[in-house]
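First the structure, in the form of C-alpha cells, and then the observations on it.
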Amino acid sequence: DLPQGEGNAPLDSLEEVRRQLEHGCEQLRDANPGLYRDLALYLQVLREVLPAAVEQACFHLATRCHPQRYCELPAGHRLSLHERTAALVQQATSLLTVEQLSQLAAGMAVARQRRQRDWLQHLRGSPTDAVPLAAAGSDAAHPGPPGPEPAGSVHLDLELPLDLGWSALAALGPPGPADPSDAPVPSELMPSELAEDPGDGLADDGEFPVAPDDAPPPWNSPRLPAEPMALLNWLDGYERALVRRLRNLSHGLNKELLRTGLSRSLLPASLLEAALRGQLEPLQAPANLLRVQLPVAGANGRQLESVAVLARPADLELEHPRLRACRSRLQRHRQGIRRMAEQHSRLQRRLRALEAERLWHQDNPRSRQP
C-alpha cells in the first residue's frame, strides 16, 4: 500500500496525495511504541554494562599505563579515586533515559541555533578590510568615512573565512566556551554537575532528509514525532545527546585521574569529541581508552603520548553482545524510517506541484488543463 512517486503513475489529485501522506504518518505512529521500547532497552543495557566498562578502563590505565604512579599514591587518594569515579558513573547512568536524552538534545539544538545566530550577527557587524583600487595620488586613494551601504552589499578581502590550521592541543578548543558544556570542568567537580551540558559540539552530517527550516523542533512534544523527517532529526539529536553524556562522563573521570596524580595531563573535551566523531586518528589502545600522540617532544627527543578514559558507544557495543543486538534493532528502525522519509519527501513535492497547478488555473481561468 505504498504511494506512487516520481517516475511512476502520477497521483492526480490533491486528496489522494494528502491521503497517502496521512497514511504514512499513521503507520509511523503505530510503529513508534516499538521504537521507544528498543531505545529504552538499549539504555537499560547500557546502564548495566557502563560501570564495569569504566572500571575496566580505569584499571587498565592504572595497572598497565601508570603502575608506578598508582603504587606511589597514598591510600587515602586511592580510596577517594574509587569513590569519586563510582559516584560519577552512578550520576551519569541516572541520566541515561530516553526522556533525559531528549531534553538534552533539545538544549543542544537551542545552543547550536544561538551560536549560529551569534555568528551571523558577528559577520554582519564585522568591519571590512577591503581597500578600493585607485591611482596613486588620486582622491579615491584616500576615501573619507564610508556612508550607508545598500542592502545586500558584499565585501571582498584577502582574509580566509575560516582558520583551518591545527596547532597545539590547547588550540583545539574555541577561544571561549560557546555554552556551559564547553566550559572547562570545575576543579571541584561533583557528580550533579554532569547533568548540565546543553551545548552541542557535534556538527550535523548533512545527510538526507532534513526538516524544513520553519518546522517546530521535534523535541517540543513528549511523544516521538509522527512525521518521518522529524523523527530522523529526533533520532540524530538523541544520538548526539548520548555521545555528549558519555563524553562528559569521560572528561569528569579524567579530571579525577589528574587530581589524584595518576595522570599528568588532561586532554581537552574538544579533543575527546573529535575522537568520538572520527575526526582524530588515535593510537591503538584498549576499549574505552584514548591514546594520542602529543605535538610536543620530551627531554629525550621522543614524542610524548597521553592516555585518557573515553567511553565510546562502539567500544561498549563491541564488548557486550546484548548492547550490540539492541543497536542492530535500532538500525533496522532507522532504515525503515529513512525509506518512509524519502517517500514522504516525494509526496510533499508532488503535493506542492499540484497545489501550484490549482492556484495557477484559479488565477488564470483562461488557461486550460494540460
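Key figures for this structure:
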quantity	calculated
Solvent accessible area, Å² - Thr97, 1.4 Å probe, full protein context	40
11 Å beta-carbon shell around Leu266, net charge (K/R +1, D/E -1)	+2
Under-5 Å amide H pairs with Leu289, H placed in peptide plane, nonlocal only	Leu310
At R0 = 35 Å, FRET efficiency that the Cβ-Cβ distance of Arg352 and Thr97 yields, to 0.05	0.35
Nonlocal amide H pairs with Leu224, under 5 Å, H built at 1.01 Å	none
Most to least accessible of Trp234, Trp119, Trp219 (protein chains only, probe 1.4 Å)	Trp119, Trp219, Trp234
³J(HN,Hα), Karplus 6.51/-1.76/1.60, whole Hz, each residue of region 237-250, x for Gly, Pro	x, 4, 5, 5, 5, 4, 5, 5, 4, 5, 5, 5, 4, 4
Solvent-accessible ranking of Val110, Val243, largest area first, probe 1.4 Å	Val110, Val243
Distance between modelled label sites at Gln362 and Gln56, nm, 7 Å Cα→Cβ extension	6.3
Residue-by-residue Karplus 3J(HN,Hα) for region 225-236, coefficients 6.51, -1.76, 1.60, Hz, glycine and proline x	x, 9, 10, x, 5, 5, 5, 4, 4, 4, 5, 4
Interatomic Cα distance distribution for region 296-370, bins of 10 angstrom, percent	14, 17, 15, 15, 14, 11, 9, 4, 1
For region 221-308, convex hull of alpha carbons as volume per residue, Å³	128
Average accessible surface area per residue within region 242-370, 1.4 Å rolling probe, Å²	55
Region 299-361 versus region 20-58: alpha-carbon centroid distance in Å	13
Extension gain (nm, one decimal) between His82 and Glu26, 0.36 nm per residue minus Cα-Cα	15.2 nm
Gain upon complete extension [Leu120, Ala299; 0.36 nm per residue less C-alpha separation]	59.9 nm
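The values are calculated or read from the model by the stated rules, or taken from the named source; none is laboratory data. Everything quoted here is computed from the prediction, not taken from an experiment. Cβ: placed from backbone, ideal geometry, glycine included. Neighbour counts: every protein chain shown. Ligands, DNA and RNA are stripped out before the accessible areas are found, and what is left, the full protein with its side chains, is counted by its heavy atoms. Shrake-Rupley method; radii C 1.70, N 1.55, O 1.52, S 1.80 Å.
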